[in-house]
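Just below is one structure, and these are the notes that go with it.
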Amino acid sequence: MSKLILFDLDGTLLSSGMSGKKALDRAMENLYGQKPVYDMTVINGNTDSKNFSSVFEITRGRKIKPAELAALKAEYLKCLPAEVKTCVLAGSHKIIKGVVKFLDALRAQKDVYLALGTGNFKDAAFIKLKPCGLEKYFQTGGFGEASSNRAKMLSAGVKHAEKFFKTKFSPENVYVIGDTHKDVIAAKENGYHSGVVTGSAYSDKERLTRAAAELEMPDFTDVKTWLVWLDIKADPKGVKRGRYIMPASAIEHVFYSRTGIDEDRLKRFRIKKYEKLPAGKIF
């Protein structure tokens, strides 16, 4: 069966040195003469569409209009290359450890397809990827233009990938790799698998733990474990329990032990795919 792997960008593929925030702040200042003041929690893990609207409302005291959003996006895309270049020169724009080796390993697999599932606007995503040479791995995906809702953005990414690759991907064969609890929740709302990079500066560690991704790893240096989770390689003996979650051994137990949430809350996550798994299946 064909597998689709959707990668988030900031904090997952690379650390961008907050070039996006800096470019947004500069764009707001250029257009309105006001430099926004806000906490990073306002924008972490959201789509650009949502972030631009939020920052505009915080700064201007009202909701953004469609024409204003378009103008802000255009100004942002003008500012972003310079901010990325500054971060590259400062050494703060860099790839996550092991990501090139991991992407090469995936690209060598038959029936494994790579795409982006990022809240960045499409042009912004490739502006950030290019200095690191990662743009060559991605040709399609879901982007911030699709929706301010991250789950809908991921769903749009799957549809774009199906059209681009001329291949259908069932939800149980879609894997989302991100770095925040919002990536995990959005994946679960669609019935997709979820894995996270835990070393990101963009994530709320407590919420990330409570979101209970299927796999949590600090980066991509342990390629083998990532490939086990993707069901590309067999589970080797001796992999420590706790490196990943095994839903076939009762997902309810995992949720209760890690989060303490009740059954009604569990149902809200809309976990669809665990009931018919063979015992011991790891993903």
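Any read-out appearing in this document is the output of simple, stated calculations on the displayed coordinates, not a laboratory observation. Bear in mind the structure is a predicted one, so any value in this text is a computation, not a measurement. So basically every Cβ, Gly included, is an ideal-geometry build from the backbone, and we count neighbours across all protein chains shown.
Structure above, values below:
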{"item": "Rg to Rh, two decimals, where region 19-90 supplies the alpha carbon set and Rh follows Kirkwood", "result": "0.95"}
{"item": "Relative packing of peptides 110-118, 28-36, 181-189 - highest average C-beta neighbours within 10 Å first", "result": "181-189, 110-118, 28-36"}
{"item": "Rounded FRET efficiency, nearest 0.05, which uses the C-beta distance separating T41 from A82 and R0 of 22 Å", "result": "0.25"}
{"item": "Alpha carbon convex hull of region 60-170, projected area averaged over orientations, nm²", "result": "8.9"}
{"item": "Gained length - K97 relative to A234, 0.36 nm times residue gap less alpha-carbon distance", "result": "47.0 nm"}
{"item": "Relative packing of peptides 167-178, 202-213, 11-22, 57-68 - highest average C-beta neighbours within 10 Å first", "result": "11-22, 167-178, 202-213, 57-68"}
{"item": "Rg/Rh ratio calculated on Cα atoms of region 1-129 (Kirkwood radius)", "result": "1.03"}
